[in-house]
Amino acid sequence: MELKYPKPILITPQVHGDARGYFFEPYNRNTFINKWGIDDVFVQDNESLSSRGVLRGLHYQIGEMAQAKLVRVAVGKVLDVVIDIRKSSPHFGSVYSYLLDDQKHEQLFVPRGFAHGFAVLSDTAIFQYKVDNFYSREHERGILYNDPALKIDWQLQPHELLTSEKDRALPLMQDAELFAHA
């Protein structure tokens, strides 16, 4: 089976800088289609502010409310983690980790069918993301961030991690409701 997006796509924008600072386009629909083949239509922007050690995830939505995300760090540095949870994917269960920061301005396109989370490695971080579908509490799902089967190195000591009660109650991947089809 051929997948539209076999894996997440790391996007390095062209940054124009001089003594005044820098300029770049975080999103240009034509560039995303022509350069990376990403034709998803984003419908909502989200932003979070977090301090060092905050871990958010691993989240996703299922069914008709599944979401693709375009994520970036406006301020700070995070370890961004995505997991292929599409049971029909040849990459099912693969864990991908990326360091995203405000220096390289890289972005990550996370296709539908991936769980997503991040941990803040800097003193603070402003994390921004676009989604191609609206939030739906009924379709929200997640996987426990420290599932031993996933072997994720969050690059912080366990006692440094600050997680929500909701995220600490998420199931292991083996018990989670996943995507049956890509």
Note to self: Starting from the Kirkwood Rh over alpha-carbon pairs, what translational D in µm² s⁻¹ does the stretch 1-92 have by Stokes-Einstein at 37 °C and 0.692 mPa s?
What the structure shows: 204
Notebook entry, point to check: Gain in length, residue 140 to residue 18, computed as 0.36 nm per residue apart minus the alpha-carbon separation, to one decimal in nm?
Noted result: 39.6 nm
Check: Picking from 108, 156, 55, which is most flexible by a Gaussian network model of the chain using Cα springs under 10 Å?
Finding: 156
Item checked: Using a Förster distance of 35 Å, the FRET efficiency for residue 44-residue 102 (Cβ separation, nearest 0.05) -> 0.95
Margin query: Given 25 °C and 0.890 mPa s, compute D for the stretch 71-112 with the Stokes-Einstein relation, Rh being the Kirkwood radius over Cα pairs; round to the nearest whole µm²/s.
Written below: 217
Next item on the list: Multiply the residue separation of residue 169 and residue 35 by 0.36 nm, subtract the distance between their alpha-carbon atoms, and state the gained length in nm to one decimal.
Entry: 44.3 nm
Next item on the list: Considering the convex hull of the alpha carbon atoms of the chain, report its projected area averaged over all viewing directions, in nm², one decimal.
Entry: 10.8
Next item on the list: Compute the length gained on full extension between residue 74 and residue 28: take 0.36 nm times their separation in residues and subtract their Cα-Cα distance, giving the result in nm to one decimal.
Entry: 14.9 nm
Check: Sequence-distant or interchain residues sharing an amide H contact under 5 Å with residue 77, placed H: which?
Finding: 121, 122
Notebook entry, point to check: Can you tell which of 96, 129, 60 shows the greatest fluctuation in a Gaussian network model of the chain with Cα springs below 10 Å?
Noted result: 96
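Each reported figure results from applying straightforward, stated rules to the coordinates on display, with no laboratory input. Everything quoted here is computed from the prediction, not taken from an experiment. Note: ideal-geometry Cβ built from the backbone for every residue, glycine included; neighbour counts use all protein chains shown.
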